[in-house]
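The values are calculated or read from the model by the stated rules, or taken from the named source; none is laboratory data. None of the values given here were measured: they were computed from a predicted structure. No Cβ is skipped: glycine too gets one built from the backbone with ideal geometry, and neighbour counts run over all protein chains shown.
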Amino acid sequence: MHPDKIEAIEWAKDFLISDSLILDTETTALNDAEICQIAMIDRHGNTHMDMLIKPTRLIPADAIAIHGITNEMVAKSPSFIQAWPVIEHLLMRGIVIYNAPYDTGVIRNCLNIAGITSTWLPIASCAMHNYSAYVGERGRYGNTYRWQKLPPCGDDAHNALADCRSTLAIIKQMAGADVRAIAG
């Protein structure tokens, strides 16, 4: 077995004994995005946060078509700056995100929009990076692993909480691999 796959399996096992949380967001766009939903769960699947956030700009129709979160749904929700103290408190436990570079970038963008500049943000562990190494499919040029799409879990809902649950499912799948048996 490739050492990268073994490392990914060990990463998954380590997560399942940690106090870290899995985080996912739904956003207003791919670029210059704001959060319109944020969710966090623990290794047991317990929900620690599932909150709609009212962005500073309207959610465009193309984003609504993807996640189904409408401007009417977020109209009476807290703003990011109002939700930040609870979010920040949960982040202190450590976080795993399926596509960590994207979601941490969105969080940083929301902090900038809210005018929050001196806030510490933990380094997020990227589940997609580890899952890609676990799957082992080489990228176009052979020197990296091809990013894997997050497999749906259960009801096929595309929202932050469902994506957290999907991330937990792949972590459990990876952790269930017997490294000794595969490594031979």
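Determine whether region 116-124 contains at least one residue that is within 20 Å of ILE53 (Cβ to Cβ), free of Cβ contacts under 8 Å to residues at least 12 places away in the same chain and not hydrophobic (A, V, I, L, M, F, W, C). Checking region 116-124: at least one residue is within 20 Å of ILE53 (Cβ to Cβ), free of Cβ contacts under 8 Å to residues at least 12 places away in the same chain and not hydrophobic (A, V, I, L, M, F, W, C). For residues in region 52-92 being in contact (Cβ under 8 Å) with a residue 12 or more places away in the chain and within 25 Å of LEU16 (Cβ to Cβ), which is surrounded by the fewest Cβ atoms within 10 Å (Cβ to Cβ)? Among those that are in contact (Cβ under 8 Å) with a residue 12 or more places away in the chain and within 25 Å of LEU16 (Cβ to Cβ), it is MET92. Assess whether ALA8 counts as being closer than 22 Å to ILE107 by Cβ, crowded, with 22+ Cβ neighbours inside 10 Å and of a type in the set (Gly, Ala, Ser). In short, no. Do the conditions hold for ILE97, that is, is it in contact with a helix residue (DSSP H, G or I) (Cβ under 6 Å, 6 or more places away or on another chain), modelled with pLDDT of 95 or more, surrounded by 13 or more Cβ atoms within 10 Å (Cβ to Cβ) and more than 30 Å from GLU7 (Cα to Cα)? When the stated conditions are applied, ILE97 does not pass them.
Taken over region 151-165, residues that are of a type outside the set (Asp, Glu) and more than 19 Å from ILE35 (Cα to Cα) amount to 4.
The single condition from (1) crowded, with 19+ Cβ neighbours inside 10 Å; (2) within 24 Å of ILE35 (Cα to Cα) that TYR134 fails is (2). So, ALA160, is that one of a type in the set (Gly, Ala, Ser) and either at pLDDT 95 or above or touching an Asp or Glu at 6+ places or on another chain (Cβ under 6 Å) (or both) or not? The answer is yes for ALA160.
Scanning region 12-49 for residues that are among the charged types (D, E, K, R) and either touching a strand residue (DSSP E or B) at 6+ places or on another chain (Cβ under 6 Å) or in contact (Cβ under 8 Å) with a residue 24 or more places away in the chain (or both) returns LYS13, ASP19, ASP24, GLU26, ASP32, GLU34, ASP42, ARG43.
Could you check GLY115 against (1) surrounded by fewer than 17 Cβ atoms within 10 Å (Cβ to Cβ); (2) touching an Asp or Glu at 6+ places or on another chain (Cβ under 8 Å) and say which number it fails? In the conditions (1) surrounded by fewer than 17 Cβ atoms within 10 Å (Cβ to Cβ); (2) touching an Asp or Glu at 6+ places or on another chain (Cβ under 8 Å), GLY115 misses (2) alone. Going by what's in this entry, would ASN130 be described as modelled with pLDDT of 95 or more, out of contact with any Leu (no Cβ under 8 Å at 6 or more places or on another chain) and closer than 17 Å to ILE97 by Cα? Criteria met by ASN130.
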